[in-house]
Amino acid sequence: MPMTDIILPVHNGLSLLRDGLDAVMAYTPRRDCRLLIVDDASDPVVAAWLRERAAERPDWVTLQRQDENLGFLETCNRAMARGDSQYLVLLNSDVLVAPNWLERLLACAESDPRIAAVNPLSNRADNIDLPMAPGASYLAMNAYLARERQGRCHDVVTGVGFCLLLRRSALDHVGLFDPIYGHGYCEESDLCMRLTAAGFRTVAAEDVYVFHRGGGSFSDGQARYLRNRRVFDQRWGADYRRQFRAFRRADPLRPIRRLFALPTRWDPTPAVWQGARELLGEWRGPRSLTQLARLSLRHALRATTARRPCPRRALAQPLTPPARLRVTYVLDRLVVAGGVLSVLQLVNELIRQGVEARVAALYEDPLIHDWRPLYTRPLIYRDREALLAETPDSDMVFATHWNTVDWVQALLKTGRTRAAGYLIQDYEPWFFPETAPEQRQRVRDGYRLLPHRIVMSDWLGGRLAEDGYRSDKIPLGMDLGQFYPRARALNPRPVVLAMARPGTPRRGFPTTIEALAAVKHARPDVEIALFGDRFLDRWRIPFSFRNEGLIIRQDRLAELYSGADVFLDGSEFQGFGRCALEAMACGAACVLTDLGGVLEYARHEDNALLTPPGQAQAMAGAILRLLDDVALRQRLTAGGLQTAARYCHRREGRETLAWIEGTLAAGATA
């Protein structure tokens, strides 16, 4: 194999970086290959993590630290200029490579000395996008393409920098990235145009597939792109447009896309919800009737043309062969909610461990993919009947809510799965009031329909035991690459942060507001921040507060926790209590209620202050105590950090896989 340098620039983004670097370590040959990680002024937590990982393989990994954030372009130029390998690969930190990725990219480049740049196919790669097939992980896509498109490639107008193999001799001929493009955008397109103008080829290897998160490079991305695009067009506009028109006419990806072609159906609901959110956001901000009318028309047109592929077993089955463990989680709706996040984290972790894990549901909120990237493409069905008819075969299927238990039981009875389980994240009979005993009993009856049950806390397991059902506990995990103490902005005022969800039962909204009003009355200097609902300003809240709304970006949520002196969760009960653990992980002192799954990890006076649910004055007293007693607050913060370190989602994924394998083995010998 020709000598190759892999250049991995890093600036924060620890969550995906951990998965991406693990994939590089697992799927890249050590011989004739070197990995150079350039830490482009990441925060101290990311920097320390990188040092630990680099120390594990000093023979193969070189780590360099830049104390000033130079950006992708300049960082890559410096790294490329220092090397002497025949090839180099530029790799973003939000990319997950697959088995034999480098060998096949190099085989493509070596097939023609004129090939100077090679991209893999990916779920997110501009003009070489190839969406994952519904129900298939990126690893399944890679394995399938390796069989069906072995050794094939096609020319593209310009490559994409997320994962780009470059021939060094060609770079010696045309130069590196042009610094005129600043911190980035269009620099790789400019380089590829220079390569093709010099007689080289830029291609996409059809037998390599990698996952690319994408979309998070710059906070000023649109303005930066427009500026750099003007520079690019001044140089290459006419020639680029001519080449791109020819590329579109040739449509070299057509044969590959046909491999994954599915019938489609009209599905306007996600577009309608997305449009409604944007319209409400525009209405609440600076607006004009003309702007609102244009936005309404644009979303109406989008809804009329919105189509979604109809998943088919005939396609999913070859992509998920029985040789790999197949696990399916069934949800009613794929929406932004804590329980859904738990499922998505588990699916990703199982995929990383080699399982073909997937999600099946009846609705998908477009915000899901901005909220939590998923290493597979969900199976979204029109209705229950389509789900039962078209869900691919599995080794284990999980129900995730009381209203999906019947569906999973039907899949078990019809032989679509070897085993079935129930991932129970909350005590769902209490979702209904005492005045609805029949509905409560219906949910309880669902516990007996599936033979295996997983709960996240002893409290929840105890509730099921009282109903006569056995369960196994696997405590919830959270992404510690996302939730850790961030740099805190200077703020002379103490900050109290609270989850406020007025439309959600059991979240204790009236008590929370009453407690915070008492705190504000006693300490007018306190800044109160609320999050969890888009429309908090519609409620009568008797004090000034900072409205953070519904938070999609998990990094922003971690910043909020990190900037708070005290975090309050006044929920009446929860199956586990994810928010409080996230806050602990980010260094906030917590005031919590002493009922439910939070008792799995919360200890009064050790890592939190606990009060009875519904007791506003007790909550206010606990908050004021923490604000006044710095030593106590620091002690609880330290205890919270130690506690949170034990609840990593990677541990949850490993324990879940061990449980699945044990359950299947026990069933085989029964």
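Every number here is computed from the coordinates shown, using simple stated rules; none is lab data. Computed from a predicted model, the values in this text were never measured in an experiment. We place every Cβ from the backbone using ideal geometry, glycine too, and count neighbours over all the protein chains shown.
Below, the figures for the structure above:
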| item | result |
| --- | --- |
| Crossing angle, helix 437-446 versus the chain [Cα axis fit, 0-90 degrees, rounded to tens] | 50 degrees |
| Folded to 0 to 90 degrees: helix 101-110 orientation relative to the chain principal axis, Cα | 20 degrees |
| Qualifying GluC sites (Glu not before Pro) for region 501-608 [loop in DSSP, other Cβ within 10 Å: at most 11] | GLU605 |
| Distance histogram for region 4-259 (every C-alpha pair counted, 10 angstrom bins, percent rounded to whole numbers) | 7, 32, 38, 20, 3 |
| Residue-averaged 222 nm ellipticity for the chain, from DSSP H runs of 4+ at -39500 (n - 2.57), nearest 500 | -13500 deg cm²/dmol |
| Region 500-608: chymotrypsin sites (Phe, Trp or Tyr not before Pro) falling in loop per DSSP and having at most 16 other Cβ within 10 Å | PHE535, TRP539, PHE543 |
| GluC sites (Glu not before Pro) lying in DSSP loop within region 408-478, provided at most 13 other Cβ fall within 10 Å | GLU434 |
| Range of Cα positions in region 535-670 per principal axis (Å), largest first | 62, 36, 28 |
| Cβ-Cβ FRET estimate between ARG147 and ASP467, R0 fixed at 45 Å, reported to 0.05 | 0.40 |
| Helix 187-197 axis, angle to the chain major axis (alpha carbon atoms, nearest 10°) | 20 degrees |
| For region 499-558 versus region 109-139, the gap between their alpha-carbon centres in whole angstrom | 45 Å |
| Highest to lowest packing among 245-258, 16-29, scored as the average C-beta count within 10 Å | 16-29, 245-258 |
| Kirkwood hydrodynamic radius (C-alpha pairs) into Stokes-Einstein, region 251-394, 25 °C and 0.890 mPa s, D in µm²/s | 143 µm²/s |
| Between region 572-607 and region 220-266, the alpha-carbon center distance in angstrom | 49 Å |
| Cα gyration tensor category, rounded, prolate or oblate, for region 313-477 with a/c compared to 1.5 | prolate |
| Amide H contacts under 5 Å for ARG418, placed H, 5+ residues apart | SER394, ASP395, MET396 |
| Full-extension gain in nm, ARG302 to GLU278, via 0.36 nm per residue minus C-alpha separation | 7.3 nm |
| Label selected from (1) 43, 31, 25; (2) 51, 29, 22; (3) 41, 28, 26, the criterion being semi-axes √(5λ) of the Cα gyration tensor in Å as computed here | (1) |
